[in-house]
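S.K.: Here you go, one structure.
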Amino acid sequence: MKVLVINAGSSSLKYQLYDMKDESVLAAGRVERIGMDTAILTHEPTGKAEVREVSEILDHTTAIRKVLGLLVHKEHGVLDSIADIEAVGHRVVHGGESFRESAIVTPEVKQEIKRLFDLAPLHNPAHMMGIQAVESNLPDVPQAVVFDTAFHQTMDRNVYLYPIPLALYRRHKIRKYGFHGTSHMYVSRQAAAFLGRPIEEMKIVTCHIGNGASVTAVKGGRSVDTSMGMTPLEGLMMGTRSGDLDPAVVPFAMGKEDLTIGEVSSMLNKHSGLLAISGMGDMREVQDAMENGDANAKLAFEMYEYRLRKYIGAYAAAMNGLDAIVFTAGVGENSWLLRARTCLNLSYLGVELDPEANLVRSKEARRISTANSKIDVLVVPTNEELVIARDTYELVKK
Ligand code: ADP
């Protein structure tokens, strides 16, 4: 079965085509600047040259039509016919309390995703456009949805509620949901498999550190706490997001600076984090600047590492123990420096990093702690698309 995986944003759309026979990727690509007359489609067919097209793509339906055209293109294609695509899986950011697992798209499921627009106003409407665009191009192909929040639905009530009037939870479902769930689930399972231990008996902290970043406490294979909250703003300091701060800062800054709700939200989501402190939102740039003696970059890095380390310690406490720490995503997989600094300060837990292993670059899961370390520290490349393809395949097979 060939499964097309789609991650639709408001003005972009990423795709990967899987052959589930061997879980190989036949093609991948993305459409950027949807809505403009200079939209860019980048198509990477496996084993063939990359294609880049600039053209007018005003909506997601047109974007999908162009992608499908390339997938069966004589020269750049990888399929004989569009009919070879037997299922489509979508990433959906917010599943609220309605979705504890992935689901086949039905009118009821679409209705529920729409009901959740309120909780994820930037993401869910875009995912819905993706679903509808596939419907209009491939009306007979079953679709599935895989939620970033689903893995965290196992959190207990005392963990997911905020200590604010309960009416806000009852009326508006204000609570912690958590995100990056697909990634936290995947890397925790990969880590247990790598170590040859039953995940049911393990306490793992998974650190998904990309532009967005979150830490999860995975106990017995279940998410018991995670650093992101009702939205992906809570928790760690990120590329452009503040993460945790005193909630009183918000009304205070709004008053002092005469900011609207939209402005303060934009400040916290797009102009905070590494960017606010160093002027750079990208960790690679921050590290390069730090190497060249930039004091603000150094400060930003130190704040970032400190906040990450605090969460790892907090989750060791939350689980009353820790067997493994897993680093994943852009920064987690690539920044040996962040891993080294973080682990250096976790020696009280018995963490001992192997400096040479920490420098190894690889696309495979690997251990970076010493044989003596009380806690295994691993780098596990994440693969959210593969999880979406697998879930879609399983659901459609049924
Ligand atoms: P997203 O959250 O958008 O999926 P990624 O997981 O791709 O992001 O992570 C992007 C981040 O990873 C960027 O901040 C980038 O600078 C960082 N990154 C990538 N390679 C390195 C590297 N070698 N060293 C440090 N940071 C890196």
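The values are calculated or read from the model by the stated rules, or taken from the named source; none is laboratory data. Just so you know, these numbers come straight off a predicted model, no measurement behind them. Please note: Cβ atoms are built from the backbone with ideal geometry, for glycine as well, and neighbour counts cover all protein chains shown. Protein only, heavy atoms only, side chains kept; ligands, DNA and RNA dropped before computing areas. Shrake-Rupley method; radii C 1.70, N 1.55, O 1.52, S 1.80 Å.
S.K.: Which members of the range 332-387 meet the condition of being open to solvent by 70 Å² or more (accessible area, probe 1.4 Å), hydrophobic (A, V, I, L, M, F, W, C), more than 12 Å from the ligand (Cβ to nearest atom) and assigned to a helix (DSSP H, G or I)?
M.R.: Correct list: LEU344 only.
S.K.: Moving on. Among the residues of the range 139-172, which ones are touching a residue at least 24 places away in the same chain (Cβ under 8 Å) and either touching a Leu at 6+ places or on another chain (Cβ under 7 Å) or in a strand (DSSP E or B) (or both)?
M.R.: GLN143, ALA144, VAL145, VAL146, PHE147
S.K.: Being part of a strand (DSSP E or B) and over 15 Å from THR61 (Cα atoms) is the filter here, so list the residues in the range 5-36 that pass it.
M.R.: Of the range 5-36, the ones part of a strand (DSSP E or B) are 5-8, 13-19, 24-32, 36.
Residues satisfying the conditions are VAL5, GLN16, LEU17, TYR18, ASP19, SER24, VAL25, LEU26, ALA27, ALA28, GLY29.
S.K.: Of the numbered conditions (1) touching a residue at least 24 places away in the same chain (Cβ under 8 Å); (2) within 25 Å of MET185 (Cβ to Cβ), MET129 satisfies every one except a single condition; which is it?
M.R.: So the condition that MET129 fails would be (2).
S.K.: From ARG284, ARG197, grab the single residue that is assigned to a helix (DSSP H, G or I), surrounded by fewer than 18 Cβ atoms within 10 Å (Cβ to Cβ), at pLDDT 95 or above and not aliphatic (A, V, I, L, M).
M.R.: ARG284
S.K.: State all residues of the range 368-398 that are over 20 Å from ALA191 (Cβ atoms) and of a type in the set (S, T, N, Q); if no residue qualifies, say none.
M.R.: THR392
S.K.: In the range 44-62, what count of residues is obtained for those that are closer than 15 Å to GLN16 by Cβ and open to solvent by less than 30 Å² (accessible area, probe 1.4 Å)?
M.R.: Result for the range 44-62: 1.
S.K.: Of the residues GLY243, GLY220, GLY273, which is in contact with a Lys or Arg (Cβ under 7 Å, 6 or more places away or on another chain), under 26 Å from MET319 (Cα atoms), open to solvent by less than 50 Å² (accessible area, probe 1.4 Å) and at pLDDT 95 or above? It would help to see each step written out before you state the result.
M.R.: Numbers: GLY220 fails: in contact with a Lys or Arg (Cβ under 7 Å, 6 or more places away or on another chain); GLY273 fails: under 26 Å from MET319 (Cα atoms).
From the options GLY243, GLY220, GLY273, the qualifying one is GLY243.
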